[in-house]
1. Got a number for residues in the range 47-85 being under 17 Å from I154 (Cβ atoms) and not in a helix (DSSP H, G or I)?
2. Within the range 101-116, take every residue that is aliphatic (A, V, I, L, M) and touching a residue at least 24 places away in the same chain (Cβ under 8 Å) and give me the one that is farthest from L22 (Cα to Cα).
3. Considering I154, I158, I143, which residue is under 22 Å from S96 (Cβ atoms) and either part of a helix (DSSP H, G or I) or modelled with pLDDT under 90 (or both)?
4. Condition test on D69, is it surrounded by fewer than 16 Cβ atoms within 10 Å (Cβ to Cβ) and of a type in the set (D, E)?
5. Do you know which residues across the range 81-104 are loosely packed, with under 14 Cβ neighbours inside 10 Å and of a type in the set (S, T, N, Q)?
6. Looking only at the range 116-124, decide whether some residue is buried (at least 16 other Cβ atoms within 10 Å of the Cβ), in a loop (DSSP other than H, G, I, E, B), of a type in the set (F, W, Y) and at negative phi.
7. Would you check which residues across the range 36-66 are of a type in the set (A, V, I, L, M) and either buried (at least 20 other Cβ atoms within 10 Å of the Cβ) or in contact with a Lys or Arg (Cβ under 7 Å, 6 or more places away or on another chain) (or both) and list them?
Amino acid sequence: MTKLYQQLRDDHKNLVKVLDVLEREIALYDVREETGSEKPDVLLILDIMDYIQHYPERFHHPLEEAAFDYLNEHNLGNAEEIAAIRAEHKDIEAGSSKIRTLIDSINLGEAVSLDSLHSALTQFHIDQLEHLRKEERTVFKDIHALDDSASEDILGRIEHRQDPLFAEAATQQFEALLKYLEHR
């Protein structure tokens, strides 16, 4: 298994962990009025959205894009599948921006329907998981087939950084989310 493929798989596994926390917070919206139970942690949701916006958009997706470029340049992948994944990246980034805007509005004291936020979070969660599965079913098989030389070529095309949440020296930027993941 190449370093490139391992990095992409690790990123997906880590993103699923974060999406699981998001799913838990979404579920709290569903039961809050019926049971009087714990309310969703807006700060935790903000950490999740910060992570989902910053790491994948700045580092994971560019790494995938570099791999897609390589596959296309060497006629090694399905160009239609790659184009569809690229379009989904744009849709996901727009969806995360929409949610971030809703949450920022709530934090500024603006009136935002909890149903609107719940609906947006739920759809975002579903879209993210479907996207990850689609990548793994389609283009990841082509990336997995690459050799070490191709992997190093692709990794050399982008600036590579440690995951700010799952690296050994995780930053304090995602403190609430990191604490939650450690205590699960």
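The values are calculated or read from the model by the stated rules, or taken from the named source; none is laboratory data. Nothing here was measured: the structure is a model prediction, and the numbers come from that model. FYI the Cβ positions are ideal-geometry reconstructions off the backbone, even for glycines, and counts take in every protein chain you see.
1. Total meeting the criteria: 4.
2. Checked the range 101-116; the qualifying residue farthest from L22 (Cα to Cα) is I106.
3. Exactly one of I154, I158, I143 is under 22 Å from S96 (Cβ atoms) and either part of a helix (DSSP H, G or I) or modelled with pLDDT under 90 (or both), namely I158.
4. yes
5. Those that are loosely packed, with under 14 Cβ neighbours inside 10 Å and of a type in the set (S, T, N, Q): S97, T101.
6. No: zero hits.
7. I45, I48, M49, I52, L63, A66 - these are the residues of the range 36-66 that are of a type in the set (A, V, I, L, M) and either buried (at least 20 other Cβ atoms within 10 Å of the Cβ) or in contact with a Lys or Arg (Cβ under 7 Å, 6 or more places away or on another chain) (or both).
One line per residue, one yes/no per condition, for (1) without any contact (Cβ under 8 Å) to a residue 12 or more places away in the chain; (2) more than 14 Å from the chain's Cα centre (by Cα):
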{"position": "F59", "(1), (2)": "no, no"}
{"position": "L63", "(1), (2)": "no, no"}
{"position": "Y70", "(1), (2)": "no, yes"}
{"position": "A79", "(1), (2)": "yes, yes"}
{"position": "Q123", "(1), (2)": "no, no"}
{"position": "H144", "(1), (2)": "no, yes"}
